[in-house]
Every structure is written in C-alpha cells, then in structure tokens.
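For reference, the structure discussed in these notes is given below.
The values are calculated or read from the model by the stated rules, or taken from the named source; none is laboratory data. As the structure is a computational prediction, the values presented were derived from the model and not from experiment. Positions of Cβ are backbone-derived with ideal geometry, glycine not excepted, and every protein chain shown enters the neighbour counts.
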Amino acid sequence: MSENARFIMIGGFLGAGKTTTVARLAHHFQQQGKSVVIVTNDQATDLVDTNLLRSQGFDVGEVAGSCFCCNFNELTDTVERLGAERRPDVVLAEPVGSCTDLVATVIRPLRQIYSQPLEIAPYGVIVKPSHGAKILRRSGRGGFSPQAEYIFRKQIEEADFVILNRIDELPGSEVEELAGLLDEQFPGRAIVRMSAKTGQGFAPFCDFLDQRGNFGQRLMEVDYDVYAEGEAELGWLNCQATIEASGPFELDELLTHLLTVLQQQLAALPAETAHLKVIGIADGAYGVANLVSNSSPPVLSLPAAVRTKLANVVVNARVAIDPETLATLVSGTLQREAERIAGTARINTLQSFRPGRPVPTHRILAN
C-alpha cells in the first residue's frame, strides 16, 4: 500500500445515495490520473452496488456477511487484496447504511491498529431528504421507529461534515430548511449541498474531502441496545433471479414496474421502505432502478436500453417489515412480473433476515 493512499469512507442512511457518490468520486480521481479501489459492504451477498460499480469498470471488493465494524479484519484484508497488483492512490469505502459508530470502530482502528499507512480523509455522511426531513422536523412521522431514527441521528453526530444530497429533486426553500435544521441540531458541522446524480455541488464536496488534518475525532456515546433494536427493525433481503420470456421484453420497463408494484404493496401494509434497489443484467448491458421511500416514485438510475429474452435480476430490499413476509412478497412479485411479460422467473438465491446485534472487532474511544 502506498504511503499516500487516501482512505475515504462515505456514510449515510439507507438510500442516501452513497453508491452514486462513490462512483462519481471514483471517476473524478481517475480523471486526475489516480488509481482507485472501492470496498462495498453488506450484511449478505449478491449486492446490487457491487454489480453496478463493477459494470462501470471499477476495481471493487466486497465485505459481505457483516458490517465493516464487525468484520474489521475482512475490511483490511480486502484492501490488501485490491492493492496486491497495483497500489491504489485512493481507497473508497461504502459502509452498510444502517451502521453508525464508525469513527470509533473503523477510522480509529485504521489509524491505531492497521499496520499499513493510510491517510484518513474527513468523514462525510450523506443525508437523504425523503426521510431526513421527517426526522429532522421531529414530526413523529418519519416512517421508522425511534430506534431506527436513533441510528440516523448518530450517523450525523459523528460526521466531520454532512452532505445534503438530492438537491436537484427539491425546491430551494426546502434545501435551506433542511440545512438550517442540520445546523441547529448538529452545530459545528459543515454542510455541503449536492446532487450526486447531476454533479451540482460536487466541487465543494471534493474540496472538503481534500482537506488534510486529524479527522474522525468526534467522541460520542452509543447505546448498543437501542442501536441493535434499530437495525433489527429492518427486514433485509438479497435475491438473485433469472427471468426468461418467449419473446423480447424491455429490461428497463421490467425493473421500474417491479419496483412500482413492490412499492404499492409495501405502502398498503404499511411497511416503510428504507431502500429497495434492483439491477438487471442482459446481453452485456446493465439497468438499475431505485426506490428510497414509500412517498417517492421509483427512479431508473441507469438505463440498460435493451430488449432481451433473458435477464439476470438482483433485488436488494431494506424494509421495516418481517423478513419472511418480505421474502414472500418479493419472490411472488418476481413470479407475477415474469408472467406479465409471458415469461418465467427462477429464484437462484434468496437471503432474508434481520441484522444481528452489532459487535465491533475494535472500539477505540481514545484519540
């Protein structure tokens, strides 16, 4: 590992836009002639994010089965594997969106225990407006339990700076209201207004990341009982399926219609969606659709623009619902969507569960 390797971790709640941000950052650094590796993270395998980033040509490693903090050695081993042939200039890390306390369990251990030299960038946490506005306004209608909202707030509390994302989707008055609420409730943290999708505000974001200094120093108390309850509220599903039809179908239409149907069913229960994403792979093309809340429509974030008779589909769902119910709902919807296009769906793998109690490998509170 190069002595100047820069470690940049981008945190934030589920659906905040971390993967889009990481991809834009990777392109940015590559355009500067720097070598970049990416480490994704999830409680299970079959990640849409990993498939998406690899489809864009990035060198990606995956820490699956637990979060960075609970599998610190796998994080450092993955960084080593990615840098075995060519030492990277930049390591981009995207942690699980339901995790917090990452300064004490990832950043400080990297500094104090990990033997390879890494330069730690300021730790930025992305806030998504759809749930952030409800939680920050203290309306009591955030869609999640107080325990899940506790995780959301703790993520911001430990940040060196906050990224208010998706500003392209909001009127200016709402952007300023959210920025004011963040400044009032979390004073002392710089706020970057940005759209990872369009690039608006991306230059100031990079300016913050380029700062040198002793970052990741915010000490905070974390009630791990509340933290564990908040994570366990969410049903976690990763599913990989093959959809085959007798005639060609529009892959993008299938992906967006799948999410639209799932959104309607979840809203009717009601079960709040933290993040639901799907990637379709066919004939070398990739299409990705996302749903970040019950109140916002599905978005086709990456069009495949292909017609095909056969597609591999990966669904990642993080929803406040019993995981068995979620598995039944997703697998049944996949079957019905295949029937709608005169085809069949074969479920290849399906994992559905509630995350276990977080038990960090290291937790360092002393600077």
> Considering region 11-41 alone, what residues qualify as being more than 23 Å from SER130 (Cα to Cα) and part of a loop (DSSP other than H, G, I, E, B)?
Replying inline: GLN32, GLY33, LYS34, SER35
>> For region 116-149, which positions are under 18 Å from the mean Cα position of the chain (by Cα) and aliphatic (A, V, I, L, M)?
In response: VAL125, ILE126, VAL127, ALA148
> Inside region 273-317, can you point out the residues that are in a loop (DSSP other than H, G, I, E, B), buried (at least 21 other Cβ atoms within 10 Å of the Cβ) and over 18 Å from the mean Cα position of the chain (by Cα)?
Replying inline: ALA304
> Within region 228-256, which residues are closer than 15 Å to THR333 by Cβ and among the hydrophobic types (A, V, I, L, M, F, W, C)?
Replying inline: LEU237, CYS239, ALA241, ILE243, LEU254, LEU255
> Which one is modelled with the highest pLDDT, of the residues in region 150-176 that are crowded, with 16+ Cβ neighbours inside 10 Å and more than 19 Å from the chain's Cα centre (by Cα)?
Replying inline: VAL175
> Within region 216-252, restricting attention to residues that are acidic (Asp, Glu) and surrounded by 15 or more Cβ atoms within 10 Å (Cβ to Cβ), which residue is farthest from the chain's Cα centre (by Cα)?
Replying inline: GLU244
> Taking interchain pairs and intrachain pairs at least six residues apart, which have beta carbon atoms under 6 angstrom, with the first residue in region 104-132 and part of a strand (DSSP E or B) and the second surrounded by fewer than 24 Cβ atoms within 10 Å (Cβ to Cβ) and at pLDDT below 90?
Replying inline: ILE120/PHE215; ILE120/GLY216
> Before we move on, is GLY180 in a helix (DSSP H, G or I) and surrounded by fewer than 13 Cβ atoms within 10 Å (Cβ to Cβ)?
Replying inline: yes
>> If LYS309 meets every condition in (1) modelled with pLDDT of 95 or more; (2) under 20 Å from THR45 (Cα atoms); (3) among the basic types (Lys, Arg) apart from one, which number is that one?
In response: (2)
> So how many residues does region 123-149 have that are among the aromatic types (Phe, Trp, Tyr) and modelled with pLDDT under 95?
Replying inline: 1
> Looking at region 346-366, which of the residues that are part of a strand (DSSP E or B) and of a type outside the set (S, T, N, Q) is surrounded by the fewest Cβ atoms within 10 Å (Cβ to Cβ)?
Replying inline: ARG346
